[in-house]
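The values are calculated or read from the model by the stated rules, or taken from the named source; none is laboratory data. This one's a predicted model, so the numbers in the text were calculated from it and none came from an experiment. Backbone-built Cβ (ideal geometry, glycine too); neighbour counts: all protein chains shown.
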Amino acid sequence: MAALSAALIWIVMAMAPGAAWAQGGLAYDVRLEGLANPKAKDLFDEVSVLEDLKKTPPRSLAELRDRVRRDVKSLERILQSRGYYASRVSYRVLRSGERIAVVLMVEEGARYNWTTSTVRWADATATAELAAIVTAAQPKLPRPLLSASIVNFEQAVLQRLPEIGYPQPRLIRRDVVVDHATATVALTLDIDPGPQAAFGEVRFEGLDSVKPAYLKRLVPWQAGDAYDARLVDRFRLDLAKTNLFSAIEVETQQDGSSAPLRVRVREAKHRTYGVGGGYSTSDGFGGNAFWEHRNFFGQGERLRLLGGAAEIEQSLAASLDVPSFRRRDQRLLIGASLKREAPDAYTSYSAETSAVLERPFADHWTLLFGGALEYSRVTDLDGTRHFYLLGGRGGVRRDDTDSLLDPTRGSRFSVSARPFIGDQSGALQFTIFEAAASAYFAFDDRRYYVMAARLKAGTVIGADLDRLPATKRFYAGGGNSVRGYRYQFAGPLDANGDPIGGRSLIEAGLEARLRITERLGIVPFIEAGQVDAQSMPDFKEKIFVGAGVGARYYTSFAPVRLDIAFPLTRRDVDHHFEIYISLGQSF
């Protein structure tokens, strides 16, 4: 009857001589009646053809009728997906002055409940392990039917099977039986899990300069282990983390009870070079350049050569990062450097070589230990001295932030101990302890509004201040320390007005990173720090506080930082303000 009424309305509209036209077409309004379910209403708003094309009026009644019918079908599908199997959708098209009114009328009816689900296994005995998969994946029943819940249940079963030794399961049939008398739905899935299999050979295709032996060390299983898709995903991710490939495809090729893998790759360019720079009113201009080879010996070794030049520091450095050293999850970092430093506190010429082992031991946690040899010639208030040092290093760090240069969520934590023994007009022995933490809190999903906080503390034990090399003392002040003060000037000064440094350090900082547009942001901040001559600060020394505001220009790589900071505990020797320009957030 509804269809007949609608047809009569269309005939009347077609015969009416004054049908409404707008911009060469039929102007219309849409009204939806009887739809109480808010989720269904939201879904319809997203897919409605009538609403989407409203600004493009149809040129004929036939075209408008096509839009209406498409929306009726969409409503029927949406209602069934929400469990309304007894629903009805009808429509009316009315003349309202110079416009046409399209009225979509919904009778929701009862919402059906999902009451039972059954999984039938093809060519397999229903083992306790398979039954456990179904139990874990199935939602609590009965419950109001949602088609998404059925799909999620089905996918959960199919995704779990490859994790327990079934590499290639498949859905054979899905039966959804609707009982209108009881308003219930029963689900039956016929699934073929396929034969159980163990990992077989891993074959690589497309390699050029990367040696297969290195990639085989990244495989997180042994041949003969039960197949587990999670290990395959982990292997694929580890391949991507090497940064050696521009394309990676890992394919499981099951052959009965064996599951060999074919890995097809395309090598990326392994050489990179780059330049960078920065500026601050206290340090002046500085720049650096680097060259890097990410596959130096054919097994993912990363060789980097770096040169830097600034008004207070010039350096040359080389580093070699050896992945999977001795064991799959361990890396060896070897470094060597030549450096000249000439801040106000001292002038130093140094040469250093080091070796450090890094090994993850939990999610986001890394253990590191190693050692270094160092020679330095340091000139400060105490004259020129030569230091020969053998140092060790041990520590842990944790990092679950979302970006290296622009973190918006997560936290960082590190603690380290560096013991030194050596000679400088007699035996010299001391240990440097440091701890640092920072946290980042995003207040919105776009991460436009972020609060960042940091703490840092350090102490030196085993040697008096006057015996410590000036390069091993603690200082505060500068663009990555307490902004508002010159580099190393947020601490005690000697009679000449130069920084002395200390044996202990405490710093804290807080900043609000407020992104105004996709590219621009502002960052108000406040920081404080104290340097003490004692290993344990007694807080008798002055606490230096700085505050300011910064601008950020966000690029695809990292934000460009421009900060202006003011010393709130200013001395006569301190400047009225400091300016800092660099790449990346301050911490």
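Tell me the residue from GLY391, GLY395 that is closer than 15 Å to VAL460 by Cα and assigned by TED's automatic domain parsing to the domain that holds VAL460, please.
GLY391
Anything in the stretch 208-258 that is small (Gly, Ala, Ser), part of a helix (DSSP H, G or I) and in contact with a strand residue (DSSP E or B) (Cβ under 9 Å, 6 or more places away or on another chain)? List them, or say none.
Once the filter is applied, which keeps residues that are small (Gly, Ala, Ser), part of a helix (DSSP H, G or I) and in contact with a strand residue (DSSP E or B) (Cβ under 9 Å, 6 or more places away or on another chain), the stretch 208-258 yields ALA229, ALA240.
Whenever a residue of the stretch 203-228 is farther than 12 Å from LEU261 by Cα, its partners that are in a loop (DSSP other than H, G, I, E, B) and aliphatic (A, V, I, L, M), lying with C-beta atoms within less than 6 angstrom and at least six residues away or across chains, give the pairs VAL210/LEU244. Taking ILE516, is it over 23 Å from the mean Cα position of the chain (by Cα) and in the same structural domain as GLU313 (by TED's automatic domain parsing)? No, not satisfied.
Could you check, for the stretch 183-203, whether at least one of its residues is of a type outside the set (A, V, I, L, M) and under 30 Å from HIS293 (Cβ atoms)? Looking through the stretch 183-203, at least one residue is of a type outside the set (A, V, I, L, M) and under 30 Å from HIS293 (Cβ atoms).
Scanning the stretch 120-160 for residues that are of a type in the set (A, V, I, L, M) and either in contact with a helix residue (DSSP H, G or I) (Cβ under 7 Å, 6 or more places away or on another chain) or in contact (Cβ under 8 Å) with a residue 60 or more places away in the chain (or both) yields ALA122, ALA124, LEU130, ILE133, VAL134, ALA137, LEU145, LEU146, ALA148, ALA156, VAL157.
When ASP175, ASP179, ASP123, ASP190 are screened for being at positive phi and not small (Gly, Ala, Ser), only ASP123 passes. Taking the stretch 482-513 as the range and being part of a strand (DSSP E or B) and either in contact with a Gly (Cβ under 6 Å, 6 or more places away or on another chain) or buried (at least 19 other Cβ atoms within 10 Å of the Cβ) (or both) as the test, the residues that pass are PRO499, GLY502, SER504, LEU505, ILE506, GLU507, GLY509, GLU511, ARG513.
Residues in the stretch 502-552 that are modelled with pLDDT under 95 and of a type in the set (Gly, Ala, Ser): ALA533, SER535. Hey, any hits in the stretch 515-524 for a residue that's in contact with a strand residue (DSSP E or B) (Cβ under 6 Å, 6 or more places away or on another chain) and in a loop (DSSP other than H, G, I, E, B)? There is at least one residue in the stretch 515-524 that is in contact with a strand residue (DSSP E or B) (Cβ under 6 Å, 6 or more places away or on another chain) and in a loop (DSSP other than H, G, I, E, B).
A quick yes/no check of all residues on (1) surrounded by 17 or more Cβ atoms within 10 Å (Cβ to Cβ); (2) under 31 Å from the mean Cα position of the chain (by Cα):
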{"site": "PHE361", "(1), (2)": "no, yes"}
{"site": "LEU404", "(1), (2)": "no, yes"}
{"site": "ARG412", "(1), (2)": "yes, yes"}
{"site": "PHE430", "(1), (2)": "yes, no"}
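The rows are residues; the columns are (1) outside the structural domain of GLY479 (by TED's automatic domain parsing); (2) basic (Lys, Arg); (3) exposed (fewer than 15 other Cβ atoms within 10 Å of the Cβ).
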{"position": "PRO524", "(1), (2), (3)": "no, no, yes"}
{"position": "ALA528", "(1), (2), (3)": "no, no, no"}
{"position": "ARG552", "(1), (2), (3)": "no, yes, no"}
{"position": "GLU578", "(1), (2), (3)": "no, no, no"}
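The number of residues in the stretch 78-111 being without any contact (Cβ under 8 Å) to a residue 60 or more places away in the chain and part of a loop (DSSP other than H, G, I, E, B) comes to 3. The set of residues in the stretch 286-299 that are modelled with pLDDT under 95 and either small (Gly, Ala, Ser) or under 14 Å from ARG331 (Cβ atoms) (or both) comprises GLY286, GLY287. Listed conditions (1) farther than 30 Å from PHE325 by Cα; (2) in a strand (DSSP E or B); (3) of a type in the set (Phe, Trp, Tyr) are all met by TYR166, apart from (2).
Inside the stretch 274-290, residues that are part of a loop (DSSP other than H, G, I, E, B) and among the small types (Gly, Ala, Ser) make up a count of 1. Is at least one residue of the stretch 436-458 of a type outside the set (A, V, I, L, M, F, W, C), over 35 Å from the mean Cα position of the chain (by Cα), assigned by TED's automatic domain parsing to the domain that holds ASP538 and surrounded by fewer than 15 Cβ atoms within 10 Å (Cβ to Cβ)? No; the residues of the stretch 436-458 include none that is of a type outside the set (A, V, I, L, M, F, W, C), over 35 Å from the mean Cα position of the chain (by Cα), assigned by TED's automatic domain parsing to the domain that holds ASP538 and surrounded by fewer than 15 Cβ atoms within 10 Å (Cβ to Cβ). Of all residue pairs spaced 6 or more apart or on separate chains, none has beta-carbon atoms under 6 Å together with a first member in the stretch 483-494 that is outside the structural domain of PHE285 (by TED's automatic domain parsing) and a second member that is of a type in the set (Val, Ile, Thr). Residue count for the stretch 280-308, restricted to those that are closer than 30 Å to PHE489 by Cα, of a type in the set (A, V, I, L, M, F, W, C) and loosely packed, with under 15 Cβ neighbours inside 10 Å: 2.
Each row is one residue, and each column tells you yes or no for (1) touching a residue at least 12 places away in the same chain (Cβ under 8 Å); (2) acidic (Asp, Glu); (3) in contact with a Ser or Thr (Cβ under 8 Å, 6 or more places away or on another chain).
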{"site": "ASP283", "(1), (2), (3)": "yes, yes, no"}
{"site": "ALA317", "(1), (2), (3)": "yes, no, yes"}
{"site": "ARG331", "(1), (2), (3)": "yes, no, yes"}
{"site": "THR347", "(1), (2), (3)": "yes, no, yes"}
{"site": "SER350", "(1), (2), (3)": "yes, no, yes"}
{"site": "ALA355", "(1), (2), (3)": "yes, no, no"}
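In summary, strands (runs of 3 or more DSSP E) completely within the stretch 354-471 and bearing 2 or more residues that are of a type in the set (Ser, Thr, Tyr) and touching an Asp or Glu at 6+ places or on another chain (Cβ under 9 Å) occur at 365-380, 410-423.
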